[in-house]
Amino acid sequence: MKILVAIKQVPDRDAPARINAARSWIEESDLQFAMNESDAHALEEALQLKEKHGGEVVVLSAGPERVASTIREALAKGADRAIHIVCDDLAQRDALDVAQQLAAAVKTENPDLVLAGLQSEDLGFGQTGVILAELLGLPHATLILHIEKNEFGIEAKRELEEGWFQDIQLPLPAVVTIQSGGNKLRYATLMGIKRAKTKELRQLSSAELAVVSTPRVKLDQISLPRKQKSTQMITGSPKEAAKALVGKLKSEVHVL
């Protein structure tokens, strides 16, 4: 069973975010980067399937040269080899553009199962995995917490609202996007880190993949949330004040 896992390198969630001078993206010079959380859970799910059923786990990632460090982390955790689509402007590419890059690379591998995180922590489109499935012409499922292989293909546990779950069957090959929290992430061992240095990491460019970049969405500028504080005095009797307070919490603050 060949499983391909799409991962993304994102700014560490605890890193201070500063907007660059052009207001086109965050200033990356003083940032630390890490593997996107839901992608890490997708990788763990793939590794567990490999341990149960055998096969191969191939990691796929797009981004600049620094992405190689996150790819090596995935290899150290147990992935067998990796593909790096080198592009320096990933943040300016929309979900369709990124999915087209990934789809071209996936087609060269012909995997049985493609896993990806539900969404990235930086842009948060939540669309790339679904568009990838459409481009590949494969069945897909989203918000998946756990996967089991069976004689029909796979059975996936899907998270719904308010604590409800759904078990669904999918034939293979298929594309699945993984929700965070469905499994316990492993750490890379010292032996795994040593082995990662010898594992295959193949680099590709958009030109080699013969993908024509046709972005439909343009990132104009970004800005930090505005911090606003205001104080309102509520008058009237305790009963009237309580009623007014509840009304404001519902209609203005949206916490009830």
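Throughout, read-outs are computed from the coordinates displayed, never taken from laboratory work. Quick caveat, the model's predicted, so the values are computed rather than measured. Cβ atoms come from the backbone with ideal geometry, glycine included; neighbour counts cover every protein chain shown.
What is the angle, in °, between the Cα long axis of helix 238-248 and the longest principal axis of the Cα atoms in the chain? Nearest 10 is fine, range 0 to 90. Orientation of helix 238-248: about 40 degrees from the principal axis.
When the Cα positions of G78, L123, G54 are compared along the charge dipole of the range 1-135, G54 comes out farthest toward the positive end, with charges on each C-beta of Lys, Arg, Asp and Glu. Dividing the helix sum by the residues of the chain, where each DSSP H run of 4 or more adds -39500 (n - 2.57), gives a mean residue ellipticity at 222 nm of -8500 deg cm²/dmol.
Rounded is the label for the range 111-231. Its Cα gyration tensor axes, ordered a ≥ b ≥ c, give a/c under 1.5. Each residue, E162 and T198, gets one label point 7 Å from its Cα in the Cβ direction; the gap between the two is 5.6 nm.
With angles folded into 0 to 90 degrees, how steeply does helix 67-77 sit against the dominant principal axis of the chain? Use alpha carbons for both and round to 10. It works out to around 70 degrees.
Summary of the geometry: the range 165-205 and the range 206-256, compared by the centres of their Cα atoms, lie 34 Å apart.
Among the GluC sites (Glu not before Pro) in the range 78-145, those located in a DSSP loop and surrounded by at most 16 other Cβ atoms within 10 Å of their own Cβ are E109.
With a cap of 12 neighbouring Cβ atoms within 10 Å, and only residues DSSP puts in a loop, list the trypsin sites (Lys or Arg not before Pro) found in the range 167-217. Walk me through the numbers on the way to the answer.
Details: sites: K184, R186, K194, R195, K197, K199, R202, R216; in loops: K184, R186, K197, K199, R216.
Loop-located and lightly packed - K184, K197, R216.
The dipole here belongs to the chain: it is taken about the Cα centre, uses +1 on the Cβ of Lys and Arg and -1 on the Cβ of Asp and Glu, and is about 580 debye.
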